[in-house]
Amino acid sequence: MDLISLIDVKNVWKSYNGIAVLKGLTLTIPKSAVTVILGRSGVGKSVLLKQILGLETPDNGQIEVNGKDLETLSPKERAELTNLMGMLFQHSALFDSMNIEENVAFALRAHNIEGDIEQKVATALDDVGLSGYQKKLTSELSGGQKRRIALARLLIYEPEILLFDEPTAGLDPITGDQIISLIYETQKKLQATSVIVTHDIQLALKVGNYFALHDEGVIKAYGDRNSFFSDSNQLVQEFISHSTLPPHLLPKLGGKT
Amino acid sequence: MIFQKFILNPTSNWLSGIGRYTVMVASVLRLSLSKRPKWSLLVPHLYEIGVRSLPLICLTGLATGMVLSAQSFFQLSDKGLTGVTGIMVAKSMLVEIGPILTSFMITGRVGASICAELGSMKVTEQVDAMVSMGVRPLEYLVVPRYLSMAIMMPVLTIFSSACGIFGGWLLATQLYEMTSQTFLDPISVYLTNYDIISNFVKSWLFGLLVVSIACYKGFHTKGGAAGVGRSTTSCVVISYCAILGINFLLTIILNDIYWIIYGFN
């Protein structure tokens, strides 16, 4: 299967207050596949997603999406490119001044998208298993419900590139599993290009097609399911050792590529 | 090392802050002129800034007008000048105290609230979420607030000034037994259109100052809940200082313009 690269991160550097978080990171994200970026907490995985989305700019290096360098785009071109992407934030980032219906319909209304918005919201909420939550406030929801609403808000405008920032962080294992299943179903339905940053090996194994290990500001290991999990990198092996599944079964798990 | 830590770095941060503030104000003004915001975005802010601030503005205007009247009467009675009480209250309320008092009240009630709301949205990634959905936060969050403030601030200031004059008249006629004619006649003679223009110009600029500082500080909030608190405090303090500084400059400029137009008579 020929892989078409959709996002190219080339030698990206980023520092905060003189401390380098990304140190010449290079990564290729293939089209219509799920790439999981594994790494310990605090290594700058979320920073990388924000760079891809254009929320932050690299100090050095290039990020190309669809062959277009983000730095060289005009604001209008950049906005058009951003419209192709959607991100699920680590803490859901729901608008707390709005109810659930307004949150989920936000992008549609902001872009004056026509059609039966109420019906679309109802369908999106149904997809994430929260039918009838339209009039609830975000403060009335649990962490897992917030994450699902954020997912519904992301999916309602069907972006071509989905970015997930620690989608299961802070959730109990059962709710985490529900979120993982939703991500898996979504990917299957939209055939989107997904990038998931996480330290949750269970999530990675269930949905990932390609894997990258982010450590010390660079990608230390990269590959498809078979090549990645047979990598001798110590951190990769440590991640595998934290899986609840026997290591020798890991490469055989998916086969979704 | 000490020079860099205590002088160079703070000065450089302050200057870059001024630069970012200027860029943000310029971007918002450009957006305000290029694209009319939706009514559905504007109306809640018009209501919050205008209608919900009105009782506070009227009450503080009324109280200040009464104090001005009492002080004018008390300070001038032994000099036989109580007849100027009305015009003193009216001129003070319209030209100076009305705009300053209203902008101070709006800073505390609206500016702090805008800064805290935007700051909280910033630290909880709600602003980033908006960007990720292709919505420009300046256009969606800031422009409606700027426009609402630009519309409502002069209106509120006129209410504050009117309540102040009314309070002054009430006190002078009820407590000091001054006749309405004595209080009001000098006002009709000496109050000029220029005083009303000054009131409008000052209130409008103070309104834009308050909202721009609040939005800037809110959008540059860092560091969680504590950061929101720091931003809000800093927004209020900077707004008060900026209003007083700009008021001084405006007073000099407006007086000079008056002299250029009408001469010294």
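The values are calculated or read from the model by the stated rules, or taken from the named source; none is laboratory data. All figures in this text were calculated on a predicted structure; none of them were measured in a lab. Methodologically, a virtual Cβ is constructed for each residue, glycine included, from the backbone with ideal geometry; neighbour enumeration extends over all protein chains shown. Heavy atoms of the whole protein, side chains included, go into the accessibility calculation; ligands, DNA and RNA do not. Shrake-Rupley method; radii C 1.70, N 1.55, O 1.52, S 1.80 Å.
Residues to consider are A:L130, A:L163, A:L151, A:L155; find the one that is within 11 Å of chain B (Cβ to nearest Cβ) and in contact with a helix residue (DSSP H, G or I) (Cβ under 8 Å, 6 or more places away or on another chain). Answer to the selection: A:L163.
Conditions (1) over 13 Å from the mean Cα position of the chain (by Cα); (2) modelled with pLDDT under 80; (3) more than 26 Å from A:A20 (Cβ to Cβ), marked per residue:
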{"position": "A:E166", "(1), (2), (3)": "no, no, no"}
{"position": "A:D177", "(1), (2), (3)": "yes, no, yes"}
{"position": "A:I180", "(1), (2), (3)": "no, no, yes"}
{"position": "A:S194", "(1), (2), (3)": "no, no, yes"}
{"position": "A:A204", "(1), (2), (3)": "no, no, no"}
{"position": "A:V207", "(1), (2), (3)": "no, no, yes"}
{"position": "A:S243", "(1), (2), (3)": "yes, yes, yes"}
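Within this structure, B:S40 fails the test of being among the small types (G, A, S), touching a residue at least 40 places away in the same chain (Cβ under 8 Å) and either part of a helix (DSSP H, G or I) or farther than 29 Å from B:V189 by Cα (or both). When A:E238 is tested against the conditions (1) out of contact with any Phe, Trp or Tyr (no Cβ under 9 Å at 6 or more places or on another chain); (2) surrounded by 16 or more Cβ atoms within 10 Å (Cβ to Cβ), the lone failure is (2).
Considering only the range B:97-165, give the helices (runs of 4 or more DSSP H) lying wholly within it that have at least 1 residues that are open to solvent by less than 30 Å² (accessible area, probe 1.4 Å), away from chain A (no Cβ under 13 Å) and at pLDDT 95 or above.
Working: elements: B:98-106, B:112-123, B:126-132.
The qualifying helices (runs of 4 or more DSSP H) are B:98-106, B:112-123.
Does A:L130 meet the test of being over 30 Å from A:N66 (Cβ atoms), in a loop (DSSP other than H, G, I, E, B) and open to solvent by less than 70 Å² (accessible area, probe 1.4 Å)? Yes: the conditions hold for A:L130. Residues that are closer than 27 Å to A:G42 by Cβ, in a loop (DSSP other than H, G, I, E, B) and open to solvent by less than 70 Å² (accessible area, probe 1.4 Å) do not occur anywhere in the range A:174-194. Taking the numbered list (1) open to solvent by 20 Å² or more (accessible area, probe 1.4 Å); (2) within 11 Å of another protein chain (Cβ to nearest Cβ); (3) in contact (Cβ under 8 Å) with a residue 40 or more places away in the chain in turn, A:K31 passes all entries but (2). Restricting the range A:67-77 to residues that are exposed (fewer than 14 other Cβ atoms within 10 Å of the Cβ) and not in a helix (DSSP H, G or I), which is farthest from the chain's Cα centre (by Cα)? For the range A:67-77, the residue satisfying everything is A:S74. Among the residues of the range A:103-127, the ones that are among the β-branched types (V, I, T) and either open to solvent by 30 Å² or more (accessible area, probe 1.4 Å) or away from chain B (no Cβ under 14 Å) (or both) come to 3 in all.
Residues of the range B:183-193 that are surrounded by fewer than 16 Cβ atoms within 10 Å (Cβ to Cβ) and in contact with a helix residue (DSSP H, G or I) (Cβ under 7 Å, 6 or more places away or on another chain): B:Y190 alone.
Return the total of residues in the range B:229-247 being over 28 Å from B:S203 (Cβ atoms) and buried (at least 20 other Cβ atoms within 10 Å of the Cβ).
So in the range B:229-247, the residues over 28 Å from B:S203 (Cβ atoms) come out as B:229-230.
Filter again for buried (at least 20 other Cβ atoms within 10 Å of the Cβ), leaving none.
Looking only at that region, the number is 0.
Restricting B:K222, B:K217 to residues that are of a type in the set (D, E, K, R) and modelled with pLDDT under 95 narrows the list to B:K222. With respect to A:E80, is the statement that it is facing chain B (nearest Cβ under 9 Å), in a helix (DSSP H, G or I) and among the acidic types (D, E) true? Taking the combined requirement at face value, the residue satisfies it.
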